[in-house]
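The values are calculated or read from the model by the stated rules, or taken from the named source; none is laboratory data. Keep in mind the model is a prediction, meaning the values are calculated, not measured. Here the Cβ positions follow ideal geometry from the backbone for every residue, glycine too, while neighbour counts run over all protein chains shown.
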Amino acid sequence: MILVETPRRKLVTQLVNWGHWFALVNIVTAIIIAAIYIVNSPAPGTPLGTLFLFTNWISHIGFLTFFGFVIFILPLCYWVPKAKVVKIAASISAAIALALLAFDALLYNKYGVHLSFNSANLIRNEAQTALAEFGWQQWGFLLMLFVVWLSVQLIVANALWQRIERLQKRKLGLPITAFFVTCFVASHALHVWADANLYQPIVRQDNMFPLSYPATAKTLLAKYNLLDYDNYNQRKELQFNQDIAGISYPSEALYCPVDKQNKVAILVVIDGELPSNVSGLMRVNNHYGINSTEVGSINSVLYGLPELYHHALKNYAPILLELPQSQGLMVSLYQADSGQQSSLTPFQDNWQDFKQQLQSGSSNLAVGFISAEQLNELITDEFVNQYKIMLSSFTHTNNFAQSLMSNFSVNHTVSNREDLAPTALDLLGCKAQPKAYSTGTSLTSNNTADYVVSTQGSKVMLFTADSRIEVLSNGNVRVFDIQSGDEIFSPVDTNLLSQAIKRLSRFSAKRQP
């Protein structure tokens with residue numbers, strides 16, 4: 001018996017083959033559109049993170065698009081016997097789906113959320129605002145844009161249909177499928193490993209793409225003793241997200257009276273070293289500088305906040321300077337670098353004016369980032385007697401210890417640069433809680449913790465009187481002897497670390513959904 005392929009079966013075969021090529025074209029288009037997510041997200045920063053980003057981008061967007069083909073287009077190839085109807089329906093479906101993907105990408109770019117029930121209120125509010133401003137020209141433009149996009153889909157659909165037999169001879173199905181499957185397996189395998197090890201360059205990409213649910217295997221790994229679940233939970237609790245959405249500075253309304261008779265000076269030697277002794281000043285023990293750059297040191301002194309927040313503070317005037325000035329006090333700032341941020345310009349003085357104000361005692365608050373030679377011009381018996389002074393320096397050391405001198409009693413067992421701003425305002429008579437504007441505390445306060453915490457790069461760093469504790473981005477903890485700098489292996493108080501991390505997070509502004 002001779003089996004002859006019926007016209008309907010032949011049409012179905014052609015439609016299915018055409019559908020696969022049509023899906024491939026739209027997969028490539030969707031991948032290009034999805035690049036918006038990548039461009040507007042922080043770079044992974046590591047080779048493994050970049051590899052995961054690439055494989056996840058290709059496989060996840062490809063899977064979503066192909067899944068849409070299987071759900072909406074493939075059934076039509078079998079149920080509808082007319083090629084023209086299938087092509088039109090498929091083109092409309094693809095145009096709408098890709099338009100939604102583009103809208104989701106723009107939504108993520110602006111608000112950091114994807115299309116979902118949770119973001120429905122945000123979308124509705126934004127839509128009401130936009131609709132109120134739309135005129136017939138805008139509606140006409142959007143309609144024309146969609147018609148053009150739909151026309152492109154129809155042109156692609158017809159072009160593929162006319163060339164379907166020629167395309168089938170190229171035998172590209174197997175290598176293309178193998179590439180996408182390899183990306184899919186690699187991305188999920190990398191995520192399983194990253195999730196078990198809390199590897200942040202990969203884990204923090206979890207919500208980058210819509211409908212993304214990367215594979216995890218913590219329970220399975222723990223079952224076969226490949227993962228210490230208790231250790232995992234401890235490290236996860238100690239993770240700290242460095243990618244803040246913004247800053248809330250100050251974290252609450254701030255007002256406090258100041259005493260116009262008080263005079264305070266913060267002097268930080270940037271170029272050179274402090275003298276071993278300064279008449280009238282006492283050396284403060286266990287003072288640490290955690291910043292890796294001079295700019296970071298300057299910002300930590302002015303704002304009383306760690307490096308984590310410095311990039312978000314460019315448009316904020318320091319509370320240390322703004323609050324006293326708003327109450328009529330004379331505030332002086334000297335910073336030799338002429339490229340300082342614009343928010344500091346209203347307080348900036350040149351060197352001669354700054355020196356004259358300190359020597360005459362006319363300035364209530366003076367903050368200077370100076371050289372060792374300039375320090376020699378300022379330090380006089382009269383100056384030391386008139387001002388409450390904090391004298392520090394910026395030097396690179398292996399154990400982070402920094403010099404600090406003062407002419408008043410210090411009650412801290414350990415301190416860092418973030419404590420200088422709260423101390424200055426306290427000495428001026430401002431008794432507002434430092435937690436409203438700083439992660440530091442006043443050096444004259446009796447109610448202080450026996451540790452200081454800050455950030456350096458991707459690390460959280462906590463100092464006690466005898467140890468330095470570093471919490472890495474994946475939650476791993478390393479402990480070092482404060483004197484020798486050698487790593488030691490001793491138990492870590494996770495409650496203390498959790499408390500310190502919460503203290504750091506106080507000023508992190510949350511995204512508004």
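So the values come out like this:
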| quantity | calculated |
| --- | --- |
| Hits in region 439-472 - residues which are among the hydroxyl-bearing types (Ser, Thr, Tyr) and within 19 Å of the chain's Cα centre (by Cα) | 439, 454, 455, 458 |
| Region 178-211 - residue that is surrounded by 19 or more Cβ atoms within 10 Å (Cβ to Cβ) and charged (D, E, K, R) and, of those, modelled with the lowest pLDDT | 204 |
| Selection count where residues are assigned to a helix (DSSP H, G or I), touching a strand residue (DSSP E or B) at 6+ places or on another chain (Cβ under 9 Å) and either surrounded by 20 or more Cβ atoms within 10 Å (Cβ to Cβ) or among the aliphatic types (A, V, I, L, M) (or both), scope region 313-329 | 4 |
| Condition met for residue 343 (part of a loop (DSSP other than H, G, I, E, B) and of a type in the set (S, T, N, Q)) | no |
| Criterion (aliphatic (A, V, I, L, M), at pLDDT 90 or above and in contact with a helix residue (DSSP H, G or I) (Cβ under 8 Å, 6 or more places away or on another chain)) met by exactly one of 73, 33 | 33 |
| Pairs, first on the phi < 0 side of the Ramachandran plot in region 432-446, second surrounded by fewer than 17 Cβ atoms within 10 Å (Cβ to Cβ) and hydrophobic (A, V, I, L, M, F, W, C), C-beta under 7 Å, six or more apart | 432/254; 432/256; 436/254; 437/254; 444/408 |
| Single condition residue 71 does not satisfy, out of (1) more than 27 Å from residue 195 (Cα to Cα); (2) buried (at least 21 other Cβ atoms within 10 Å of the Cβ) | (2) |
| Residue check, residue 332 buried (at least 22 other Cβ atoms within 10 Å of the Cβ), outside any loop (DSSP other than H, G, I, E, B), of a type in the set (S, T, N, Q) and in the same structural domain as residue 390 (by TED's automatic domain parsing) | yes |
| Filter pass, residue 438 being closer than 14 Å to residue 287 by Cα, at pLDDT 90 or above and part of a loop (DSSP other than H, G, I, E, B) | no |
| Index of the failed condition, residue 106 passing every other in (1) crowded, with 17+ Cβ neighbours inside 10 Å; (2) at pLDDT below 90; (3) farther than 30 Å from residue 185 by Cβ | (1) |
| Region 271-312, residues that are buried (at least 20 other Cβ atoms within 10 Å of the Cβ), outside any loop (DSSP other than H, G, I, E, B) and touching a residue at least 40 places away in the same chain (Cβ under 8 Å) | 287, 288, 297, 298, 300, 301, 302, 303, 307, 308, 309 |
